[in-house]
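Written below as structure tokens is the structure these notes are about.
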Amino acid sequence: QKFLLWREQCEVVTGRILRPMPSSLLEHPEEILTAFGIHYLAPLDAATTRLPDSSIDFISTNSTLEHIPAESLARILGESKRILRDDGIACHLIDRKDHFSYFDQSITKYNFLTYPDSIWGLVNSSIAYQNRLRYSDYHRLFKDAGLQLIDEEIEWAPEEDLRAFRHLKLTRRFAGTDSDEHLAAHILRVVLKK
């Protein structure tokens, strides 16, 4: 249903006509995979997929990139560029808040920006790893991978969160590296192409 609602917007943003969808409701996983042309491959190392060059139409992640170390993410984005078709796109939703704040109400959404790397390395969970990359970090990684930003939507921090952010003592790694608004922005949604 959501795909049908957003189809026109997706076509405008991507600059291409999307494949037609069946008129009946898709109920079984096999029907969905076939209708969208999806071949499920798991487990698979996203940095070395062994898929043919220029063979993928669409790459999508939702609240995933923030859990991948920067070095691995650079390799994954490079692989994404290699396997994307010339008219293919990649869409990523990146949740840039401290995920511990979802269940610990005593900390802010920016708590993890107050720890130096040495301390964060001890506190950061290997089960729910958070890379703490900020807006400019992601843009640098996209550019270094040879991916071009064609659309971007930022969910900015509301004024209350921005005030809380400005009262924090950021660790040197983050202090003064970008505007407060970019450092504190909650969600980054990007559409990329080769």
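The values are calculated or read from the model by the stated rules, or taken from the named source; none is laboratory data. Source: prediction; values computed, not measured. Positions of Cβ are backbone-derived with ideal geometry, glycine not excepted, and every protein chain shown enters the neighbour counts. Note: accessible area is taken over every heavy atom of the protein model, side chains too, but ligands, DNA and RNA are not part of it. Shrake-Rupley method; radii C 1.70, N 1.55, O 1.52, S 1.80 Å.
Among the residues of segment 68-110, which ones are closer than 23 Å to residue 161 by Cα, in contact (Cβ under 8 Å) with a residue 12 or more places away in the chain and open to solvent by 30 Å² or more (accessible area, probe 1.4 Å)?
93, 99, 100, 108, 109
Please find, among 142, 174, the residue that is assigned to a loop (DSSP other than H, G, I, E, B), in contact (Cβ under 8 Å) with a residue 12 or more places away in the chain, open to solvent by less than 40 Å² (accessible area, probe 1.4 Å) and aromatic (Phe, Trp, Tyr).
Unique residue meeting the criteria: 174.
If you go through segment 89-110 one residue at a time, how many are farther than 19 Å from residue 68 by Cα and in contact with a helix residue (DSSP H, G or I) (Cβ under 9 Å, 6 or more places away or on another chain)?
4
So in segment 37-67, with the set limited to residues that are of a type in the set (Gly, Ala, Ser) and closer than 15 Å to residue 85 by Cα, which one is surrounded by the most Cβ atoms within 10 Å (Cβ to Cβ)?
54
Being part of a loop (DSSP other than H, G, I, E, B) and open to solvent by 80 Å² or more (accessible area, probe 1.4 Å), is that true of even one residue in segment 115-127?
Within segment 115-127, one or more residues are part of a loop (DSSP other than H, G, I, E, B) and open to solvent by 80 Å² or more (accessible area, probe 1.4 Å).
What do you reckon, is residue 130 open to solvent by 50 Å² or more (accessible area, probe 1.4 Å) and under 25 Å from residue 178 (Cα atoms)?
Taking the combined requirement at face value, the residue does not satisfy it.
Go through segment 156-167 residue by residue and tally those that are open to solvent by less than 70 Å² (accessible area, probe 1.4 Å) and not aromatic (Phe, Trp, Tyr).
5
Could you identify the single residue in 179, 136 that is closer than 27 Å to residue 88 by Cα, small (Gly, Ala, Ser), out of contact with any strand residue (DSSP E or B) (no Cβ under 9 Å at 6 or more places or on another chain) and open to solvent by 20 Å² or more (accessible area, probe 1.4 Å)?
On inspection, the qualifying residue turns out to be 136.
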